[in-house]
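Here's the structure, in structure tokens; my notes come after.
Laboratory data are not the source of any read-out in this text; all were calculated from the coordinates shown. Computed from a predicted model, the values in this text were never measured in an experiment. FYI the Cβ positions are ideal-geometry reconstructions off the backbone, even for glycines, and counts take in every protein chain you see.
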Amino acid sequence: MAHAPASSLSLSRRRLLQFSAAAGLTSLFKTSAYAEAPKRGGRMILGSMHGSTTDSTDPALLTNAFQWYLAFAFTSTLTEILPDGTIGPALAERWDSTDAKVWKFKLRDGVTFHDGRPMSVADVIASINHHRAPDSTSFVKPLADQMVDVSGDGKNGVVISLKAANADLPANLNTPAFTIYPAAGEKIDWQSRNGTGGYILREYEPGVRAYLERNPRYWRNDRAFADEVEMLCIGDATARMNALVSGEVHAVDEVDLKTVALLQKQPNITIDETPGPLQYSFPMRTDVAPFDNVDVRLALKYSINRQEMLDKILLGHGSLGNDTPIGPSYTFHANIEQIAYDPDKAKFHLKKAGLQKLSVDLHTAEAAFPGATDAAVLYAEQARASGIEINVVREPDDGYWDNIWLKKPFCAAYWDGFPMTSEMFAVGYSPGAAWNDTYWTNQRFEYLRVAAAAEMDANKRRDMYTEMQKIVRDDGGALIFAYASYVMARGPSIGHGPLSTTNRFDGARIAERWWLV
């Protein structure tokens, strides 16, 4: 592997530990005009809250935002959701279907992997089948399981046949799980990190740093403007903000909301804020007592003051959550009755569950989302009025997504969500899904989920998704208290065009869409 050249902007661990900064108390919002036309060259350095020493580049196991940034930097997908929300071509030049059940994709000519090997139909088939294997634990397996066959059609054609119609399939293939790797027999060689993306991954220390160089064989000339990209895991909010202010990094995700006003006083700092499917939650495992009782779940839902959470934790940068993952940014968001803070209703449901009081542990860490520990403490104070004692257990940030999430019965979490309602419900709420963090099943919900994905009539589809949102709100184990905005910040020497709202850092595609000015 090539060694990353020294740079005055490269951030060392020792330097990270030296950062400190005061935090502002007032939240202001400022967005910026788009930067001038893209320029080429330079070394782009990005700071992220996310990342863990247990991270992998296996496309089936991309559990945090840092992994998504990295995947989109050195690999490519068949399709791409553009900043305006439309589905654009990527490794697939075009696609079509007459019934939304059999989809035909025409692959782009002249695409090569980083080692010079031409991309083939076999590579695409193996990459998709990586998630279809019976023993797969991929987070997109619920999407892959709808595929009954993935086959070739001539030199550049791939045909995906589904169990039932799915008009969202081209959008589903935008996720970094469906990035394309070289085939190794019927499997893929993801370990070599040999992608088709705009950058070549030269060095990677999970949970610390990734270093990439521009791919001279990249198949497109309107992306990947920097010569080099360095991505740094800076979990501490103070260190991350001070790294930006001092010029150690060009841009950061997850701005500490308490410091927005302070950052805005810096003449060379710009705040970028976008809405999107980001949501903050306290998932309850419905297969574990006492959360296996729906009345206990409802008691906990009525015991959280969502408005106070929005005001004090998000400082107004978002909207009220309603225990459904389909927030206001989704096309099929339903305007259903808001669950309100009501200790009397909480006590009513506790009584229905045969309880006078309830004591539960809530596991949290700042890795879950910015302010997660404060949110858990505030929730514990709010819940006392309902006769519920919440013991906040503070966990280490590193390894949180491997050791706590999906493991502990009650914890803090965030979901970046997915662009399509069908995708969000499939990945997070279908029975047996690897990321079904509430281990929840509901027969009516599952029937509607399958039917809605196949329904071509938009009005009928909306009716089904509305009913599903009511079901998950009233029966599910996800306590989604807020839909959060993406709040990022950048210095004066980095620019971008229109921002995608599908994920933080420009749909997680910052490495190839942004440039140095």
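Looking across the range 104-133, just one residue is surrounded by fewer than 21 Cβ atoms within 10 Å (Cβ to Cβ), under 22 Å from residue 143 (Cβ atoms) and in contact with a Leu (Cβ under 8 Å, 6 or more places away or on another chain), and that is 121. Going through (1) of a type outside the set (A, V, I, L, M); (2) within 23 Å of the chain's Cα centre (by Cα); (3) part of a helix (DSSP H, G or I); (4) surrounded by fewer than 22 Cβ atoms within 10 Å (Cβ to Cβ) one by one, residue 407 falls short only on (3). Screening residue 372 with (1) under 21 Å from residue 474 (Cα atoms); (2) buried (at least 19 other Cβ atoms within 10 Å of the Cβ); (3) among the aliphatic types (A, V, I, L, M) gives one miss only, at (1). Among residues of the range 344-366 being of a type in the set (S, T, N, Q) and assigned to a strand (DSSP E or B), the one that is surrounded by the fewest Cβ atoms within 10 Å (Cβ to Cβ) is 359.
In this entry, residue 232 passes the filter for residues that are outside any loop (DSSP other than H, G, I, E, B), closer than 29 Å to residue 200 by Cα and aliphatic (A, V, I, L, M).
If you go through the range 415-446 and keep only what is assigned to a helix (DSSP H, G or I) and in contact (Cβ under 8 Å) with a residue 12 or more places away in the chain, you end up with 421, 422, 423, 424, 425, 426, 427, 428, 429, 444, 445, 446. Evaluate the range 451-461: report whether one residue or more is closer than 26 Å to residue 344 by Cβ and either of a type outside the set (A, V, I, L, M, F, W, C) or surrounded by fewer than 18 Cβ atoms within 10 Å (Cβ to Cβ) (or both). No: the range 451-461 contains no residue that is closer than 26 Å to residue 344 by Cβ and either of a type outside the set (A, V, I, L, M, F, W, C) or surrounded by fewer than 18 Cβ atoms within 10 Å (Cβ to Cβ) (or both).
In this structure, residue 125 does not satisfy being farther than 29 Å from residue 455 by Cβ, outside any strand (DSSP E or B) and either within 22 Å of the chain's Cα centre (by Cα) or among the hydrophobic types (A, V, I, L, M, F, W, C) (or both). Of the strands (runs of 3 or more DSSP E) contained entirely in the range 142-222, those carrying at least 2 residues that are over 25 Å from the mean Cα position of the chain (by Cα) and of a type in the set (A, V, I, L, M, F, W, C) fall at 147-152, 157-162.
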